[in-house]
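Scroll down for the structure; my scribbles are underneath it.
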Amino acid sequence: MKLTVEHRGHRYLADVHQAISLAITLDFEGRQPAFYGVEPARARTLEAGTFIGDTSRGGSCNVERVELIPHCHGTHTESVSHLVSGHHQPPRPPAWLAARIVSVQPTSLEDSGNSYPAPGQGHEAVIDQHALSGFLIDTPALIVRTLPNEPGKCERSYEGDNPHPYFTLEAIEWLVNQGVEHLLVDTPSIDRGQDDGSLPAHRRFWSLHEDRRPTQETASERTVTEFVFVPDEVPDGLYLLNLQLPDWCTDAVPSRPVVFPLALAASIKGEGD
């Protein structure tokens, strides 16, 4: 089965049998990714009265109680509720999105010519505007793979003040101006690991006032997905994205981004000229 996608004056086909998951598998009994040094996510047998949710112990079926922190235990998607007060708005992106995968080589903050508020330091690795502006960004979703692309990202415990590359403010501003509404990255955060709680890149992406109200009409619909992993065999390029999310009323939820390669089918006469 193939889906037809129209994008920028061209018609593309996506084969639904070529799905590629960019989610990190969360193994409750093995090595896990983690952020801020939190305890591992875990799944425990549910015991209630005489019921034991473990067939190896004589239970009728397996039932587990899961404990995790979406922000810290692998692939997750955030809504603007990550920063604003009041009732949590679950992230609700469209079911299908045109997306681009780009591979970016981080540079140092001092060499980038970009900015990030203190405690950002000049020697730290960042994803700057220059690294992104070399790509055609023409889709509402952008998936950023940082280089080098090590499989160890899937089980790394990110600890310390600055354990991963983060986005400069100019890079985020540029992406917003390019129309990126859904940003997916293979780091645990688009901000510095320790930023004194300011989260400037998150604030810039959701275009927040000082009082944490969005300054742009559609800003509250944007999402940030962190802790993805893009395998080496998945090339940069244009894809169809299905960002699979549970409908939880919380600021961040575990997620499973699935992409489908797009093959050019035909140009659409009179469009995109």
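No lab work stands behind these numbers, since they all come straight from the coordinates. Fair warning: this is a prediction, and the values are worked out from it, not measured in the lab. Glycine gets a Cβ as well: all are built from the backbone with ideal geometry, and neighbour counts include every protein chain shown.
Nearest 20 debye, what's the magnitude of the dipole of the chain about its Cα centre given +1 on Lys and Arg Cβ and -1 on Asp and Glu Cβ?
Charge dipole, the chain, about its Cα centre: 740 debye, nearest 20.
What does the convex hull of the Cα atoms of segment 1-138 come to per residue, in Å³, rounded to a whole number?
Looking at segment 1-138, the number lands at 234 Å³ per residue.
Ranked by Cβ crowding within 10 angstrom, fewest neighbours first, how are Arg204, Arg256 ordered? Each step should come with its number before you reach the end.
Values: Arg204 20, Arg256 17.
Going from sparsest to densest Cβ surroundings: Arg256, Arg204.
Could you run the Karplus curve 6.51 cos²θ - 1.76 cosθ + 1.60 with θ = phi - 60° over segment 20-27 and give me ³J(HN,Hα) per residue in whole Hz, x for Gly and Pro?
My calculation for segment 20-27 gives 10, 7, 9, 7, 7, 5, 9, 8 Hz in order.
Please get the size of the charge dipole for segment 48-172, origin at its Cα centre, with Cβ charges of +1 on Lys and Arg and -1 on Asp and Glu, quoted in debye to the nearest 20.
About 540 debye.
Which whole-number percent is the relative contact order of segment 4-146 (Cα, under 8 Å, 6+ apart)?
Relative contact order comes out at 16 percent.
How charged is the neighbourhood of Asp128? Take every other residue with its Cβ under 10 Å from the Cβ of Asp128, and add Lys/Arg as +1 and Asp/Glu as -1. Mind dumping the intermediate values first?
Details: positive: none; negative: Asp111, Glu170.
Net of charged neighbours comes to -2.
So which trypsin sites (Lys or Arg not before Pro) in segment 1-97 pass both tests, a DSSP loop state and at most 16 other Cβ atoms within 10 Å of the Cβ? It would help to have the intermediate numbers written out before the result.
Numbers: sites: Lys2, Arg8, Arg11, Arg31, Arg42, Arg44, Arg57, Arg65; in loops: Arg8, Arg31.
Of the trypsin sites (Lys or Arg not before Pro), the ones in loops of segment 1-97 whose Cβ has at most 16 other Cβ atoms within 10 Å are Arg8, Arg31.
When Thr107, Thr45 are ordered from fewest to most other Cβ atoms inside 10 Å of their Cβ, what list results?
Thr45, Thr107
Pick from Thr55, Thr225, Thr139: which residue has the top mean-square fluctuation in a GNM of the chain where Cα pairs under 10 Å get a spring?
Per the Cα network of the chain with a 10 Å cutoff, Thr55 tops the list.
What are the ³J(HN,Hα) couplings of segment 31-44, residue after residue, when phi is run through the Karplus curve with 6.51, -1.76, 1.60 and θ = phi - 60°? Round to Hz, x for glycine and proline.
Karplus-based 3J(HN,Hα) across segment 31-44 equals 6, 10, x, 7, 9, 6, x, 6, 5, x, 5, 9, 10, 10 Hz.
Which longest run of the chain has no exposed loop site in it, a site being GluC sites (Glu not before Pro) in a DSSP loop with at most 13 other beta carbons within 10 Å, and the site itself not part of the run?
Working: sites that count: Glu29, Glu159, Glu210, Glu217, Glu233, Glu271.
In the chain, the maximal stretch lacking such sites is 30-158.
Choose one of Leu132, Val38, His10: the residue whose Cα lies farthest towards the positive end of the charge dipole of the chain (beta-carbon charges +1 Lys, Arg; -1 Asp, Glu; about the Cα centre).
Of Leu132, Val38, His10, it is His10.
Given springs between every Cα pair under 10 Å in a Gaussian network model of the chain, which of Pro91, Pro165, Pro119 has the largest fluctuation?
Greatest mean-square fluctuation among the candidates belongs to Pro119.
Give me Cys72, Cys154, Cys249 sorted ascending by neighbouring Cβ count inside 10 Å, so fewest comes first. Please report the intermediate quantities before stating the final value.
Details: Cys72 23, Cys154 20, Cys249 10.
Least to most surrounded, the residues fall as Cys249, Cys154, Cys72.
Expressed as a rounded percentage, what relative contact order does the chain have, with Cα pairs under 8 Å and six or more residues apart?
30 percent
List the residues whose amide H sits under 5 Å from the amide H of His76, counting only those 5 or more places along or on another chain, with H placed 1.01 Å from N in the peptide plane.
Under 5 Å from the amide H of His76: Glu226, Ser255.
Under a point-charge model restricted to the Cβ atoms of Lys and Arg (+1) and Asp and Glu (-1), what is the dipole moment magnitude of segment 42-88 relative to its Cα centre, in debye to the nearest 20?
Values: 4 positive and 5 negative charges, 19 e Å.
Around 100 debye, computed over segment 42-88.
Summing Lys, Arg as +1 and Asp, Glu as -1, what charge do residues with Cβ under 15 Å from the Cβ of Asp161 carry, Asp161 excluded?
Numbers: positive: Arg192; negative: Glu124, Glu159, Asp191, Asp195, Asp196.
Net of charged neighbours comes to -4.
Please compute P(r) over all alpha-carbon pairs of the chain, binned at 10 Å starting from zero, and give each bin as a whole-number percent.
Spelled out bin by bin, the chain gives 7, 27, 34, 21, 9, 3, 0 percent.
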